[in-house]
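The values are calculated or read from the model by the stated rules, or taken from the named source; none is laboratory data. The structure presented is a predicted model; accordingly, all values stated were derived computationally and were not measured. Glycine also receives a Cβ, built like all others from the backbone with ideal geometry; neighbour counts cover every protein chain displayed. The protein model used for the area step is the full one, side chains on, heavy atoms only, and it has no ligands, DNA or RNA in it. Shrake-Rupley method; radii C 1.70, N 1.55, O 1.52, S 1.80 Å.
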Amino acid sequence: MLTGVPVGTVEVRVLRVGFEAQKKSVAVTAEQHATLDFALKTVAIQLQEIVTTATGEQRRVELGNSIATLDNVNKRVEETPITSATDLLVAKVPGVVILPGNTTGSAGIIHIRGAGSISLNNAPIWIVDGIRFNAGNSGFIQGTNGQQASFLNGIDPETIADIEIVKGPSAATLYGTDAANGVIVVTTKKGRAGNAVWSSFAEGGLVQDRNHYADTYAIWGHTPANPDLQVRCLLLTISAGSCVQDSVTKLNILATPGLTPFTTGHRQSYGTQVSGGSDAVRYFFSGDFQSEVGPFKMPQHNIDDFRSQGITVREESINPELLQGTNLRANVNAALNPQLDLALNTGFVTTHQRMTFGDNSFFSPQYQSMMSPGFTQAGLGVSQIGSRGENLDGNNGYTYGDIFQQTTQEDIQRLLTSATANWRPLSWMQNNATVGMDLLNQRDFTLCRFQECMNQGTIRLGRVSSTNQNYRNTTAQITSNMPWQAKQWLNLKTTVGAQYTNVEQDNTSSNGQQLPPGAVTVGQAAVISGSNLLPTASKTLGVYIQEQASLRDRMFITVAARSDQNSAFGTNFQRVVYPKASLSWILTDESFFPKPRWLNEFRLRSAYGASGVQPGATASFATYGAPTVNIPAAVGSTSGSDTPGLLAAALGNPNLKP
């Protein structure tokens with residue numbers, strides 16, 4: 001029985017899994033009962049798909065813009081080798097390009113419909129259980145050159161219920177400033193009413209680098225004038241006749257057994273989940289642990305050489321790549337009364353990670369192999385002896401043992417929490433409010449002990465650095481949806497809402513040079529320096545309104561606008577307005593449209609909209625440095641006094657806008 005139905009002609013739609021949906025109209029008279037009978041036909045179809053948008057849940061057929069849904073996440077995680085949230089998106093969604101990370105735990109690059117800016121961030125924003133999630137990358141310090149860990153490691157694929165990808169500005173309009181590159185919306189698992197359901201998993205695997213890296217060649221030859229003088233020939237000198245080729249050698253250290261730093265790493269993961277509850281309170285709890293040792297390993301001959309010299313070979317040098325993490329989650333949903341629901345979501349993540357040099361670093365194993373002379377023995381002016389008397393074994397300048405002696409590690413602790421309330425005070429009004437925080441603490445540490453690491457500059461005198469960074473993302477949002485039936489054939493839904501986000505960070509960094517034997521901290525160094533970043537925030541306050549018209553439940557017209565104020569905007573630019581309009585029309589529901597048997601549904605959709613790319617938090621400010629300049633006492637004098645001054649560091653832009 002339905003109560004509180006307004007007087008007049010109303011349309012009733014009945015949905016049930018496994019049956020064909022039906023709609024009927026009925027005239028409702030004041031203080032009278034009206035009866036409708038439905039006879040549903042059994043069909044092998046699903047209910048119309050529901051997606052999550054900035055204004056709440058909607059049927060997909062109502063949307064004129066593009067939103068891709070990645071459902072059955074649990075099945076994908078069980079049946080395929082998924083180790084991160086990024087893995088879930090690889091080759092799964094059209095228009096979403098994933099460039100995976102190239103080392104254990106490293107960050108991938110995600111683009112939705114390509115790159116939109118040369119200088120600004122092109123990554124989509126992430127929303128997890130209604131709050132802004134920090135999905136950035138953390139660059140390791142002290143020159144690992146391009147190697148970055150991903151904050152996305154804080155999302156456990158085992159706890160994801162579904163992922164929705166909002167593509168392009170027209171779809172992301174109501175997400176506001178910084179959403180032009182798209183939005184990825186993640187919903188974690190929730191409990192269901194019933195007895196407690198337990199599930200556990202254990203996973204093991206191998207990690208290998210199967211790339212074929214560049215071979216190096218050497219052309220051995222002599223000059224026509226001196227056949228006994230061995231020289232390196234080049235293709236240019238051979239063609240010019242100034243060098244005569246005798247033989248060619250080829251070397252690929254990374255593929256040579258006994259010399260290569262590559263081995264077979266291993267991975268293991270364990271976890272347990274439980275869910276259940278009653279109609280009033282439902283719960284989902286989970287916990288898991290993962291450990292992955294990457295394929296880089298110090299060659300055994302380097303280990304033997306160190307030990308023969310009485311040098312301790314530590315585990316972090318033998319296996320310089322490591323990712324370990326613990327992920328805990330607790331989600332509780334409660335129906336406090338027929339009008340009020342409450343959801344509490346909390347996740348806690350710890351990550352410990354080690355990396356070594358890579359990419360274009362001069363010290364990376366790939367570079368050392370790529371710049372090999374093409375042979376391992378002495379010849380062609382190459383002694384194969386390093387600057388401290390070590391055998392280079394064909395490497396360009398340093399052994400893998402020296403390179404892997406540098407320890408570079410990162411530790412992350414993260415708390416992700418949100419609370420959502422759904423309040424339905426009236427039959428025609430539904431209000432939703434969400435508040436939450438993403439708190440992340442990152443500690444980076446790099447160490448080269450005294451008389452260890454690469455023999456370049458002052459590195460072997462010892463160096464150490466320590467960086468502590470804090471990230472705080474705060475989100476608060478309120479939305480009110482008010483549907484009403486204006487006519488028998490026309491349903492309207494008005495949505496108003498407001499959203500506040502505060503993305504803040506700060507850090508301190510200290511560095512030490514020239515360590516005494518046994519020293520491992522900055523405070524023990526002879527030369528100490530440091531820097532810090534005061535709390536820097538980027539705040540956005542947005543309000544939006546949307547009106548959706550449903551004509552005969554087959555044509556859906558939506559118009560909306562969002563107005564944003566952002567702390568990164570220039571002082572002369574106060575707010576920006578993002579418009580949106582879309583059309584979705586199910587033509588197969590129209591009587592005039594032909595209905596061939598092979599066609600289930602034909603829908604036309606079109607969308608227009610805009611959203612912004614946020615400038616840097618301080619990009620609009622004019623900033624200055626405070627150098628000290630020696631100013632001569634008189635013209636022509638070579639001596640003077642040190643005088644403090646101001647030097648423009650950034651020009652700023654009071655008219656800066658997204």
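Values for this structure:
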{"item": "Pairwise label distance in nanometres, Thr312 with Ile109, each label 7 Å out on the Cα-Cβ vector", "result": "4.1"}
{"item": "Qualifying trypsin sites (Lys or Arg not before Pro) in segment 191-236, DSSP loop, other Cβ atoms within 10 Å at most 16", "result": "Arg192, Arg210"}
{"item": "Computed accessible area, Val7, all protein chains, 1.4 angstrom probe, square angstrom", "result": "110"}
{"item": "Net charge contributed by nearby residues that have their C-beta within less than 11 Å of Thr399 (K/R +1, D/E -1)", "result": "-3"}
{"item": "Net length gained if the chain between Ser25 and Gln524 were fully extended (0.36 nm per residue, minus Cα distance)", "result": "171.4 nm"}
{"item": "Cα-based convex hull, segment 343-474, per residue volume (Å³, whole number)", "result": "139"}
{"item": "For segment 346-403, radius of gyration divided by Kirkwood radius, i.e. Rg to Rh on alpha-carbons", "result": "1.25"}
{"item": "Length added when fully stretched, Val543-Ala433, from 0.36 nm per residue minus Cα-Cα", "result": "38.2 nm"}
{"item": "Hz values of 3J(HN,Hα) by residue in segment 180-196 - Karplus curve (6.51, -1.76, 1.60), Gly and Pro given as x", "result": "5, 8, x, 9, 10, 9, 10, 10, 7, 5, 10, x, 10, 4, x, 5, 4"}
{"item": "28 Å Cα-Cα threshold exceeded, pairs from Lys24/Lys595; Lys487/Lys580; Lys190/Lys657; Lys92/Lys190", "result": "Lys190/Lys657"}
{"item": "Å² of accessible area per residue within segment 360-419, as computed with a 1.4 Å probe and no ligands counted", "result": "34"}
{"item": "Net lengthening on full extension, Phe362/Arg16 (0.36 nm per residue, minus Cα-Cα)", "result": "118.2 nm"}
{"item": "For the chain, calculated [θ]222 nm from helices alone, where every DSSP H run of n ≥ 4 adds -39500 (n - 2.57)", "result": "-1500 deg cm²/dmol"}
{"item": "Rule-of-thumb Rg ratio for segment 590-658 [Cα; 2.2 N^0.38 Å; N residues]", "result": "2.92"}
{"item": "HN-Hα J in Hz across segment 496-501 - Karplus 6.51, -1.76, 1.60, θ = phi - 60°, x for Gly and Pro", "result": "10, x, 9, 9, 10, 10"}
{"item": "Length-normalised contact order for segment 462-614 - Cα pairs under 8 Å, 6+ apart - percent", "result": "18"}
{"item": "Cα coordinate range in segment 20-100, projected on the principal axes (Å, largest first)", "result": "63, 29, 20"}
{"item": "Volume per residue that the Cα convex hull of segment 173-305 spans, once the total is divided by residue count, Å³", "result": "249"}
{"item": "The chain - percent of accessible surface contributed by carbon and sulfur, probe 1.4 Å", "result": "56"}
{"item": "Pairwise FRET efficiency - Asp279 versus Lys595, Cβ, R0 = 30 Å, nearest 0.05", "result": "0.15"}
{"item": "For Lys297, solvent-accessible area (1.4 Å; no DNA, RNA or ligand), Å²", "result": "80"}
{"item": "Along principal axes, Cα extents of the chain, largest first, whole Å", "result": "111, 72, 56"}
{"item": "Neighbour net charge for Ala202 - beta-carbon separation under 13 angstrom, K R +1, D E -1", "result": "-3"}
{"item": "Alpha-carbon centroids, segment 202-266 and segment 560-624: separation in whole Å", "result": "54"}
{"item": "Spherically averaged projected area of segment 528-658 from its Cα convex hull (nm²)", "result": "17.2"}
{"item": "Per residue, the convex hull volume that the Cα atoms of segment 61-122 enclose (Å³)", "result": "114"}
{"item": "Ellipsoid equivalent to segment 258-323 - semi-axes via the Cα gyration tensor, in Å", "result": "45, 12, 6"}
{"item": "Kirkwood-type radius of segment 94-224, with distances r between different C-alpha atoms, in Å", "result": "18.5"}
{"item": "Taking N as its residue count, the alpha carbon Rg of segment 289-397 over 2.2 N^0.38 Å", "result": "1.88"}
{"item": "Value of D in µm² per second that Stokes-Einstein yields for segment 449-577, Kirkwood Rh from Cα pairs, at 4 °C (1.567 mPa s)", "result": "65"}
{"item": "Largest to smallest principal axis extent of the C-alpha atoms in segment 442-517, angstrom", "result": "84, 20, 15"}
{"item": "Length-normalised contact order for segment 204-287 - Cα pairs under 8 Å, 6+ apart - percent", "result": "30"}
{"item": "Long-range Cα-Cα pairs in segment 388-533 (distance over 19 Å), rounded percent", "result": "70"}
{"item": "Average Cα contact separation per residue, the chain, under 8 Å, 6 or more apart, as relative contact order %", "result": "11"}
{"item": "Karplus-derived HN-Hα couplings along segment 568-585 (A = 6.51, B = -1.76, C = 1.60, θ = phi - 60°), whole Hz, x at Gly and Pro", "result": "7, 5, x, 5, 8, 10, 8, 8, 10, 10, 10, x, 7, 8, 8, 9, 10, 9"}
